[in-house]
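K.L.:
I have a structure here, written as structure tokens, and I will follow up with some questions on it.
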Amino acid sequence: MLKKFTIYTKTRDQIIDITPLVQQFVTEQNIQDGAAIVYCPHTTAGITINENADPDVKIDMLRRLDEVYPWDHELDRHIEGNTAAHLKATTVGVSQHIIISEGRLLLGTWQGIYFCEFDGPRTRNFFVKIL
């Protein structure tokens with residue numbers, strides 16, 4: 001089973017909790033045991049799993065990524081001017097695998113699945129494949 005999701009980002013750097021969307025798809029498909037692959041087909045966005053209890057974690061992650069990959073760097077040659085977004089997406093990665101057990105995503109107590117936008121605002125897609 002494969003499902004395409006479309007989301008709309010509002011800012012250049014944004015981290016969006018997509019856990020409820022992924023879990024809803026698992027529930028709708030009545031999957032009790034298996035795995036879900038969450039995949040982002042963009043070169044300036046990514047997918048990560050991280051803490052979902054404290055919203056400041058998302059803010060800190062974006063701030064620290066900006067420190068490592070500043071948006072305006074004098075040596076960047078990429079004509080579109082979004083080299084920082086490409087580097088952030090490469091660092092975060094484009095996919096995550098999550099075990100499904102007893103109909104639920106097997107995430108830790110504080111974990112959530114996040115779509116990471118690094119070059120918005122844009123219309124973005126991600127896919128969930130259930131195995």
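K.L.:
Expressed in nm to one decimal, what extension gain is obtained for the pair LEU131 and SER95 from 0.36 nm per residue of sequence separation less their Cα-Cα distance? Please list the in-between numbers first.
P.N.:
Values: separation 36, 0.36 × 36 = 12.96 nm, distance 1.45 nm.
Extra length available between LEU131 and SER95 comes to 11.5 nm.
K.L.:
Sticking with this one: In terms of Cα to Cα distance under 17 Å, which aspartates and glutamates are near enough to LYS129, apart from those fewer than 8 places away along the same chain?
P.N.:
GLU28, ASP33
K.L.:
Then there's this: For the chain, build the charge dipole from Cβ charges (+1 Lys, Arg; -1 Asp, Glu) around the Cα centre, then report which of LEU107, THR6, PRO20 sits farthest towards its positive end.
P.N.:
THR6
K.L.:
About its Cα centre, what dipole magnitude does the chain give when the only charges are +1 on Lys and Arg Cβ and -1 on Asp and Glu Cβ, stated in debye to the nearest 20? Don't skip to the answer; put the middle values down first.
P.N.:
Numbers: 13 positive and 17 negative charges, 99 e Å.
Once rounded to the nearest 20, the dipole reads 480 debye.
K.L.:
Along the Cα→Cβ direction, 7 angstrom out, place labels at ALA35 and ARG64. What is the inter-label distance in nm?
P.N.:
2.7
Each value in this text was obtained by applying a stated rule to the coordinates, not by laboratory testing. Just so you know, these numbers come straight off a predicted model, no measurement behind them. FYI the Cβ positions are ideal-geometry reconstructions off the backbone, even for glycines, and counts take in every protein chain you see.
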